[in-house]
Every structure is written in structure tokens, then in C-alpha cells.
Amino acid sequence: MEDVPLNHIADEVWGKETPSVESFPDFLERKGLKLTRGQTVVLQVNTGFLCNQTCAHCHLEAGPNRDEVMSGRTGGDIADFAARCRFQVIDITGGAPELNPNLGRLIEQLAPLAPRIMLRSNLTALADGLRNDLVDLCKDLSVVIVASLPSLNRNQTESQRGKDVFGKSIDALRQLNSKGYGLPGSGLELDLVSNAAGAFLPPTQCQMENKFRSDLQRKWGIVFNHLYTFANAPLGRFRQWLERSGNYERYLRKLASSFNSRTLENLMCRTLMSVSWDGYLYDCDFNQAGGLFMGGKKIHVSQLDGPPEPGSTIAVGDHCYACTAGAGFT
């Protein structure tokens with residue numbers, strides 16, 4: 001274990017200039033609020049930053065030129081840890097996890113260890129026909145597919161995710177439907193995720209889900225189970241865009257002014273721990289992007305006997321405003 005002072009990390013992440021918005025830790029302290037762990041039941045596994053897209057909102061700055069890819073050995077360490085802990089949910093993410101050559105084996109290792117296995121997809125990594133075996137494996141093991149589709153507007157989607165992404169995403173959703181995903185009674189869950197396209201909060205989740213359900217069915221015959229809407233965290237490429245466009249402080253103020261204390265109870269970091277492509281532990285994927293190690297200590301998954309205890313401190317930064325604004329990020 002390597003101790004990493006949280007204030008040192010914060011200096012590296014946020015730089016020397018202090019935003020005009022009150023820091024999130026100070027904000028919580030002034031409000032008399034605490035953010036601590038409950039029972040940790042979700043293990044999130046980031047398989048690496050390699051991706052076939054270069055999305056403008058990506059907090060991890062994933063892309064085709066990234067070489068951080070989880071090895072089979074690290075995947076084995078994670079499977080051993082999951083076997084020791086028996087999580088309720090294992091959530092596999094990236095980058096584009098489909099590009100990890102060890103993904104199939106990892107899914108096979110993890111599937112018996114939790115009642116719910118989730119695979120996050122940007123959809124285009126499934127649209128080229130090269131990963132049909134992976135889709136079949138997910139179907140056979142009843143893996144939940146959580147797919148990114150920012151908007152029903154082609155131009156908005158492609159301004160965020162790249163040229164031709166919208167059509168490929170529609171093709172991939174049709175492919176998943178053809179395998180039974182999202183169909184009533186199939187037992188194969190297909191969920192969608194929509195991120196706001198700019199420096200603003202998303203519409204209400206219920207409103208967006210009804211719109212997506214109606215339009216996808218009417219225009220393309222596509223069905224799905226649930227839609228989740230989230231604000232973008234001011235990290236990675238999205239933070240860089242905010243700074244270039246002069247929107248960073250305004251966006252942070254918007255998030256802070258929309259703070260909702262009722263979100264604290266159900267924040268993902270209270271019940272989730274995140275393991276990076278190289279096996280180190282964080283309270284969430286956003287903290288992974290910011291370099292905020294779980295508990296302020298650089299701990300490898302192979303060193304831990306079990307999940308953190310309830311009541312353990314959660315590392316926080318100003319990006320946490322995104323998770324506590326409006327309806328929150330759960």
C-alpha cells in the first residue's frame with residue numbers, strides 16, 4: 001500500500017488556480033453533510049482506455065491511441081477478488097471494453113460470481129460484425145448491455161461522438177434486438193444511457209425515456225428496457241472543452257447551484273468500488289479519471305481481502321457536483 005495525500009492529488013488534478021465555486025469538500029463541511037460508504041455491493045471494472053471513438057465528453061480521454069488495456073493476469077486478480085467478496089453487481093466498462101482481447105474470458109470468469117453482470121457499450125464497437133461471438137456469449141450468460149446513445153438527433157450525437165456514429169449505433173441496437181435484447185419476456189436487458197450534449201443538465205429521466213422509447217420504436221423498430229440520463233463530469237476532454245470555450249466556471253456554478261442533498265444517500269460511490277485497468281482501486285470511475293485513490297491509498301485489488309467497511313471515507317473533488325446536481329448520478 002502506498003499512501004497518497006488527498007490534498008496533493010487535488011493539486012495535480014485541479015491545478016493551482018482555484019475555481020470561484022466553493023470546493024466540494026468545503027461545501028459539504030459547511031452544510032454539515034458527510035459522504036461515507038454504505039454496504040459495498042457493486043464492483044465496477046474498467047478494462048482500459050482503448051476505444052474506437054474519441055468522444056468530446058469522455059472523462060477518461062479514451063481513444064484509439066490509448067494503450068492502457070487490462071491484462072489477463074489483472075483480470076484474474078479481479079475475478080479472485082470478486083470470488084472472495086460475492087458482489088451483487090459487476091459492471092464492466094472502459095474505454096470500449098469490447099476492444100479488450102481478454103473481455104470474453106473476463107466475462108466467463110465473472111459471470112458465476114454475481115447475479116447481475118453489466119457490460120457498457122458505445123454500440124459502434126458492436127456494429128462492425130467482428131464481435132458477434134461476444135454478443136452471443138453475453139446472451140448465453142444473460143449479461144445486461146448498457147449502451148450509450150446521447151441523443152436521437154444525428155447531428156448532436158455525432159458532434160459528441162464522431163462521424164457516422166449515429167447510424168452505426170442504430171444498426172447495433174437492431175442487432176441486439178435481433179438477439180432478443182430489450183424484447184419483453186426475453187430476460188435479456190438492454191438499457192440506454194444519454195449524456196447531455198453540452199454544459200447543461202439533462203432533462204428529467206422519465207421525460208427522456210418516454211421520448212426515446214417512442215421515437216426509437218416508431219422510426220427504427222427498436223425497443224429497450226430502461227434509459228438513464230446523466231450530467232457530464234467536468235473531467236478529461238469535457239473539462240478541456242469547458243475551459244477552451246470559457247464555460248468551466250459557469251458550468252461548475254450551474255452544478256453547484258443545482259445541488260440536491262437527497263442525492264447523497266443513493267450516490268453510486270456509497271455502494272460501488274471501481275478497479276482500474278491496472279488493478280488499482282477507486283471509489284468511482286470519475287475518481288479514477290481524477291487520480292483520487294480509494295481511501296487516499298494506492299491499493300491493488302490483489303492486496304484486499306474484502307470491500308471497504310461501511311462508514312469508510314469517500315474521496316471527493318469538485319467533479320462530485322455533477323453527481324449531486326438535480327436528480328443525481330446513481
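The values are calculated or read from the model by the stated rules, or taken from the named source; none is laboratory data. Since we're looking at a predicted model, the values are computed, not measured. Neighbour counts are summed over all protein chains in view; Cβ atoms, including those assigned to glycine, are modelled from backbone coordinates with ideal geometry. These accessible areas exclude ligands, DNA and RNA; they are computed on the full protein's heavy atoms, side chains included. Shrake-Rupley method; radii C 1.70, N 1.55, O 1.52, S 1.80 Å.
The table below gives the values:
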read-out	value
For the range 264-330 and the range 122-159, distance of Cα centres in Å	26 Å
Percent accessible area from carbon and sulfur atoms, the chain, protein chains only, probe 1.4 Å	47 percent
Equivalent ellipsoid dimensions for the range 188-330 as semi-axes, Å, which come from the Cα gyration tensor, largest first	29, 21, 15
Net +/- balance of residues flanking residue 74 in space, Cβ distance below 13 Å, scoring K and R +1, D and E -1	-2
Shape parameters for the chain, alpha-carbon atoms, Rg then Dmax in Å	19.1, 55
Cut-off 14 Å between beta-carbons: net charge of the residues surrounding residue 167, Lys and Arg +1, Asp and Glu -1	+2
Integer Hz, Karplus 6.51/-1.76/1.60 couplings in order for the range 205-213, x for Gly and Pro	4, 4, 4, 5, 4, 4, 5, 4, 4
Only Lys, Arg (+1) and Asp, Glu (-1) charged, at Cβ; the chain dipole about Cα centre in debye	1000 debye
Among 28-38, 239-249, 307-317, the order from most to least packed when residues are scored by Cβ within 10 Å on average	307-317, 239-249, 28-38
Alpha-carbon gyration tensor eigenvalues x 5, square-rooted, for the range 261-330, Å	22, 13, 9
26 Å Cα-Cα threshold exceeded, pairs from 179/211; 31/254; 139/163; 254/298	139/163; 254/298
Accessible area (Å², per residue) of the chain, counting only protein heavy atoms and a probe of 1.4 Å	44 Å²
Counted charge near residue 294, where neighbours are those whose Cβ lies closer than 10 Å (Asp, Glu -1; Lys, Arg +1)	+2
